[in-house]
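Have a look at the structure below, then the notes.
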Amino acid sequence: MVLVGGAVGAPLRYLTDLLVQARHDSVFPWGTFTVNVLGSLVLGVAAGSVVALSPPSWVLALVGTGLCGAFTTFSTFGFETIRLIEEGSWSIALVNSVASLAVGLGVCAGAYAAAVAVLG
């Protein structure tokens, strides 16, 4: 199930990143930020759904580990943040770091709570 989810998540991540970056003329890594926030949203909904509905264990492996694991990317986030620092864009690197963490955690927690509330 992890492999199947990853086979969907990885190309979806690549295409989403390309689509988002093509629409922004900025040094801020909007593509990576977007996939990480969307992945956090999906993971929150999936985890909340598992708590509320108790589906088979493979569902979280498919969606949480496979799909979200391949769709989101911590390594690219780290690389792009270091690249911004090397280029002298310290403030953008700081915004990227803080916003990625705060928005990602907030979206995941909110989606989890919403899924539990709606489905529970």
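Bear in mind that the values in this text are calculations on the coordinates, not laboratory data. Just so we're clear, the structure is a prediction, and the values are computed from it rather than from any experiment. Note that each Cβ is placed from the backbone with ideal geometry, even for glycine, and that neighbours are counted across all protein chains shown.
A few remarks follow.
- Under a Gaussian network description of the chain, with springs only between Cα atoms under 10 Å, the residue in 109, 70, 22 that fluctuates furthest is 22.
- Rounded to 10°, Cα long-axis angle of helix 2-22 versus longest principal axis of the chain: 40 degrees
- Helix 90-119 and the long axis of the chain differ in direction by around 10°, with both axes built from C-alpha atoms.
- Percent breakdown of C-alpha pair distances by 5 Å bin, ordered from the shortest bin, for the chain: 2, 13, 18, 21, 18, 13, 8, 4, 2, 0
- In sequence order, segment 68-82 has phi-based couplings of 5, x, 7, 6, 8, 8, 7, 5, 5, 4, x, 4, 5, 5, 4 Hz under the Karplus curve 6.51 cos²θ - 1.76 cosθ + 1.60, θ = phi - 60°, and Gly or Pro positions carry x.
- 0 to 90° range, to nearest 10: angle between helix 30-53 axis and the chain longest Cα axis: 10 degrees
- Descending semi-axes in Å of segment 1-51, equivalent ellipsoid built from Cα gyration tensor: 24, 14, 6
- Computed helical MRE - 222 nm, the chain, DSSP H runs ≥ 4 contributing -39500 (n - 2.57), nearest 500: -25500 deg cm²/dmol
- Euclidean distance of C-alpha centroids, segment 1-43 and segment 68-105, integer Å: 13 Å
- The simple spin-label model puts a point 7 Å past each Cα toward its Cβ; for residue 109 and residue 76 those points are separated by 2.6 nm.
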